[in-house]
1. Taking square-rooted eigenvalues a ≥ b ≥ c of the alpha carbon gyration tensor, is region C:2-133 rounded, prolate or oblate, where a/c under 1.5 means rounded and, failing that, a/b exceeding b/c means prolate?
2. What is the sum of charges, Lys and Arg at +1 and Asp and Glu at -1, for the other residues whose Cβ falls under 10 Å from the Cβ of A:F104?
3. Under 12 Å from the Cβ of C:I385, count the other residues' Cβ atoms, weight Lys and Arg +1, Asp and Glu -1, and hand me the total.
4. Calculate one ³J(HN,Hα) per residue across region B:114-131 by plugging θ = phi - 60° into the Karplus curve 6.51 cos²θ - 1.76 cosθ + 1.60, and present them in order as whole Hz with x for glycine and proline.
5. Which of the chymotrypsin sites (Phe, Trp or Tyr not before Pro) found in region C:262-349 are in a DSSP loop and have at most 11 neighbouring Cβ atoms, other than their own, within 10 Å?
6. Mind sorting B:I117, A:I64, A:I102 by how few other Cβ atoms lie within 10 Å of their own Cβ, fewest first?
7. In region C:1-67, which chymotrypsin sites (Phe, Trp or Tyr not before Pro) fall in coil by DSSP and have 14 or fewer other Cβ atoms within 10 Å?
8. Add +1 for every Lys or Arg and -1 for every Asp or Glu among the other residues with Cβ under 12 Å from the Cβ of C:D320, and state the total.
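Throughout, read-outs are computed from the coordinates displayed, never taken from laboratory work. Keep in mind the model is a prediction, meaning the values are calculated, not measured. Note: ideal-geometry Cβ built from the backbone for every residue, glycine included; neighbour counts use all protein chains shown.
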Amino acid sequence: MRETRLIMISPASGVTPDQVTRTIHTYGKRVVVKESCYGAVLEGEREIVREVIAEVRKLDPNGIFTKVRAFHAGDPRRCRAHHGTRPGFAQLEQEWNDLWKIHFGLDRAEKGERANDRKVRKKLSVMEFKKICEVK
Amino acid sequence: MKVFIDPPNSLILFDLVERFGHEPLSTMAAIQEKIDKIEIDMPPMNVSLEDVMKGLKYAGIEVPSGVRGRLAVWGPMIEEAEAAIIMEDCPYSFGCVGCHRTSLMVRYLIKRRGIPILDVDYPNDEDEGRDLVVRIKEFLEALK
Amino acid sequence: MIKIAQLSCGTEYSSVQYEVEKAARSVGATVVHPDVSAADINEAVERFGFKPQSPQLKLMIARAVQLADRKYDADAVFIATCFRCAEGALVRNELRRFIQDNTRLPVVTYSFTERLKASQLLTRMEALVTVVTRKELLARERQTGITAGIDSGSSTTKAVVMIDNRIAGKDWTPSGDVIASAETVMENALKEAGVKLKDVEAIGTTGYGRFRLGQHYNAKLVQEELTVNSKGAVWLADRQRGEATILDIGGMDNKAITVRDGVPDNFTMGGICAGASGRFLEMVSKRLKIEVTELGSLADKGNWRNAKMNSYCSVFGIQDLVTTLGDGKTFEDVAAAACHSVAEQVYEQQLQEIDVRHPIIQVGGTSLISGLVTAVGEVLGSKPIVPANSQYIGAVGGAILSSGFLEGV
């Protein structure tokens with residue numbers, strides 16, 4: 001079964017899309033790889049694609065991210081050249097922008113750091129607000 | 001375990017679920033299954049009239065077609081899920097998760113399943129990035 | 001290739017995106033989606049001021065801003081959201097207004113269900129393309145030479161022969177066989193004009209049967225009724241310059257078109273239901289056992305407030321009619337209520353999708369039903385202009401526009 005993957009490199013990573021693409025080429029596996037602004041698009045048989053992902057991640061384990069893509073690389077049904085950006089593009093762009101937070105988060109989790117309690121935003125009580133208002 | 005992610009097309013959630021050893025249930029996989037069916041010619045997504053009608057299982061005819069069509073894609077995945085991670089306050093969610101009403105219904109359907117659910121917040125900084133990663137890691141490890 | 005920018009939510013998940021693209025392709029256009037980045041979206045939504053909850057609607061706004069700022073090049077705009085989505089309907093209409101305020105691009109809006117087929121969009125898409133590709137032709141204000149126009153509508157077929165910017169002959173008949181009906185009215189119009197078919201230098205066809213008639217008569221112009229009717233209406237009402245709204249309550253669907261100097265820039269066509277069309281008035285007349293031509297004057301004598309009727313659905317509307325008659329209401333009040341109900345439905349379903357510009361020119365066969373014109377005036381707050389020969393707009397438009405193809409003109 002074919003699998004198409006987006007490889008996204010954290011903006012805080014020293015690895016470049018070119019490096020990812022060239023590294024994948026050196027494996028000599030039966031996959032198609034295309035460099036993109038954020039990393040690469042990888043396509044091939046599922047097992048091979050997953051082997052390649054596991055291998056290429058070693059370049060920067062916490063800085064290289066991936067998700068599957070429904071459409072084939074260059075599928076005319078979703079090609080930017082034909083239709084402009086696809087609807088999910090803006091989201092991907094935004095998530096890529098924020099990948100450094102996850103990148104550092106993974107680094108720190110590895111060092112054994114714990115999570116803070118989840119912040120719950122509460123409204124100020126009327127009495128407290130009144131006190132603030134009354135301060136001259 | 002099969003873990004449903006919400007937003008169902010999130011790169012961050014997909015990656016973390018897979019990274020920590022589980023199978024993410026995502027929109028991408030559901031759509032791939034559709035678009036690879038060459039006998040259906042309803043580009044771009046191959047969501048057919050039949051699919052929109054299948055959406056009636058989740059919402060009545062008075063609900064807009066776009067909501068029913070979307071629910072027809074995610075409904076079966078939610079039914080298949082063994083756990084779920086829901087990320088709140090995402091600054092995005094375009095494309096397949098573009099309809100707010102559908103997103104509300106998706107979350108409700110997940111909660112109704114009674115499977116283990118983790119609610120997390122979209123990170124605003126590095127500390128929150130760590131919190132997100134640690135929470136997801138602990139949740140997923142506990143599932144094993 | 002004409003580029004129609006699509007601003008939409010839900011099309012891909014309603015199994016209609018393919019139909020939208022098919023309709024565009026069949027009229028020689030292509031659907032495009034203005035390019036936007038994540039940053040563009042946030043900025044655009046802030047600027048637009050309406051912040052919808054649904055992200056896809058935000059994307060629509062950002063795409064509209066790209067068009068308004070001329071950062072993305074398109075020739076026309078198609079705005080569509082799911083039928084029954086309140087948030088989508090609000091954004092759809094406000095974006096239509098925004099595009100009109102900020103660009104000169106023709107716009108068409110649509111709310112779809114999963115049953116939408118390309119053929120339903122065809123006339124709208126064709127009109128968008130006509131406005132873009134035939135701008136000069138549509139700006140034509142005079143008819144020249146000897147030309148004819150045939151309007152093959154769902155209820156009636158009309159023909160007009162024009163000579164040097166005046167109507168020389170005309171005729172109409174209820175639509176039967178497309179060709180036979182057209183031949184009858186053409187023959188009579190030619191007779192009245194005192195010319196032979198071979199003398200006619202150009203023919204324009206419009207309406208549902210336009211393609212068949214176009215072939216049959218070797219017409220120089222075969223064009224959808226939105227643009228052709230607009231031309232006929234402004235010519236008949238002598239409102240070729242400035243702004244106006246053309247309202248055509250037709251036999252099967254209703255059209256509301258806003259024009260600037262005779263060229264349409266926004267239009268709506270009833271799509272979901274035919275409840276509020278002329279067909280409903282025909283059904284009412286039949287039940288009252290009168291001719292539809294008598295309904296108007298009957299309505300003028302009645303008071304709609306005395307009878308309750310809602311033609312949102314023609315079946316329920318007729319049920320209302322039966323109940324009202326059973327209650328002993330007069331035919332006059334019932335006729336007035338039927339006219340009022342249709343006017344109200346047109347206001348609720350069509351006129352909310354455009355910005356009504358005055359004057360309102362009411363045309364088409366139903367504009368001869370005086371009670372309906374009165375009702376439209378009451379609902380809209382100002383009485384519409386009904387030009388002479390208002391039922392011949394399509395045929396007149398066809399004759400005027402086809403004269404644009406004559407050599408040396």
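1. It comes out oblate by the Cα gyration axes.
2. Its environment carries a net charge of -1.
3. It works out to a net charge of +1.
4. x, 8, x, 10, 10, 9, 10, 9, 5, x, 9, 8, 5, 4, 5, x, 4, 4
5. none
6. Sorted ascending by nearby Cβ count, the order is B:I117, A:I64, A:I102.
7. C:F50
8. Computed value for this residue: +2.
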